[in-house]
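Step one of this worksheet: look at the structure below.
Nothing in this text is a laboratory measurement; each read-out follows from the coordinates by a stated rule. Keep in mind that what you see is a predicted model, and the values were worked out from it rather than measured. Note that we place each Cβ from the backbone using ideal geometry, even for glycine, and neighbour counts take in every protein chain shown.
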Amino acid sequence: MKNRRAAAVAFLTAVLIILQFFPAQAAEVQELYALSAVLMDGETGRVLYGKEAYKARPNASTTKVMTCIMALEMGKGDDYVQVSKNAASQPQTRLGMKVGQQFYLEDLLYSLMLKSHNDTAVAIAEHIGGSVEKFAILMNNKAKEIGCTDTHFVTPNGLDGEDEGGIHHTTARDLGLIMTYAVKNTTFVHITQTRNYTFSDISGKKYYSVHNTNAFLDMETGVISGKTGFTGNAGYCYVCAVRQDEKFFIVALLGCGWPGNKNYKWSDAKKLLAYGRNNYRYVMLPDLPVLPDIPVSDAVPKNGELYPDAQITLKLHAAVSSKDLAKRYLLKKSESITWEADLPEKLEAPVKKNQKIGSLHAKLDGKEIFCCLVTAEDKIGRITYKWYADKIFHDYFH
């Protein structure tokens, strides 16, 4: 009986110890409303917490983050944007454009991001790409450039669409990457932080006022940017960038409730931010490891001897900049970064100065987070018959 009681006590003690290490993550998985969710390190793009993070889902008007960035990078604020029949016929929510009206592109970006107007998105897409279809190609190319792995845009406003490439969709992880990229643009941040904006069409006859629908700007401290979205298929979606306690987080939520659950996205965003604040801290890359000298065969001896006794060795250099070494990574207390070297055991001459010899890999939990080249510090020549002949001639006839 005593042995059973002791075993039970030991088992319960072990369970309590395990729960002390894993309460936060388990609680977040249980309590999030969103079908897909990501908490991301805004500086590196690393996923800190994910719930079906790589599951493809429709993402509604969060698409307009990409539409805005494309317009900022490929257009000019004082561009004239003319409204087509296609743009004017888009469903709500819309600005109420009329066919033939003209607007400044800069003004339309406030309409796009503050009030999420669908007609504005199409007008911008047609202006930048020539057509919605061509603009979608530009969006998809940009998504791949950013690092998205399962994103396919069909419409510039996030309304449901399908083409030969599939249905309009992204993942929580990809959406987080898109926002990480977008907030590097100071004009994008300025637009999405604006609470109210008034503008007119180019004729000056019609005026419009838009109010920012991103209520999270005033719910949490440090909100840099954000975009809401909703369609019947996508449900409520949200993506935002937040800096709290000097930590830079990205939150992306897909399928976060349907009508009647409009506030679920705010609740989920707060939980993820609290999880990030409580569990992560910034860590720099560890000091570079000492690199071994590599033996080089058939090398010209440095001491001038004809038959050198010592093996010629090559000194190595890690080709990494001070900027790279200054990068910060959000880590849990239980996590650490280690270096792994990928180098040959020996080399054959000749070796050129700054020649690539191998690589160094910084890894976190077995996953690479940074890589740099390892190069040769000096050049080493190769012994040839000509070298022997020249050496003998020099030593015996001079």
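Assorted remarks:
- For Cα extents along the principal axes in Å, calculated from these coordinates, the label among (i) 95, 55, 36; (ii) 66, 59, 41; (iii) 98, 81, 39: (iii)
- Think of each Lys and Arg Cβ as +1 and each Asp and Glu Cβ as -1; about the Cα centre, that makes the dipole of segment 94-207 roughly 540 debye.
- Using all pairs of distinct alpha-carbon atoms, the Kirkwood hydrodynamic radius of segment 148-263 works out to 15.9 angstrom.
- Size of charge dipole - segment 234-370 - debye, nearest 20, with Cβ of Lys, Arg +1 and Asp, Glu -1, no other charges: 1160
- All-pairs Cα distance distribution in segment 57-123, expressed in whole percent, bin size 5 Å: 3, 19, 30, 26, 16, 4, 1, 0
- For Gly358, the amide hydrogen comes within under 5 Å of the amide hydrogens of Val374, counting only partners 5 or more places away or on other chains and with H modelled in the peptide plane.
- Of the residues Tyr282, Thr221, Ile178, the one whose Cα sits farthest toward the positive end of the charge dipole of the chain, with +1 on the Cβ of Lys and Arg and -1 on the Cβ of Asp and Glu, is Thr221.
- Residues whose placed amide H lies under 5 Å from that of Lys379, excluding near-sequence neighbours: Lys353
- Normalising by residue count, segment 216-322 has a Cα convex hull of 181 Å³ per residue.
- Here segment 33-101 is assigned +1 on the Cβ of each Lys and Arg and -1 on the Cβ of each Asp and Glu. Its dipole about the Cα centre then comes out at about 380 debye.
- Helix runs (DSSP H) in the chain reaching 18 Å along axis by Cα, Kyte-Doolittle at least 0.0: 2-21
- Ordering of 48-61, 108-121 by packing [mean C-beta count within 10 Å, highest first]: 108-121, 48-61
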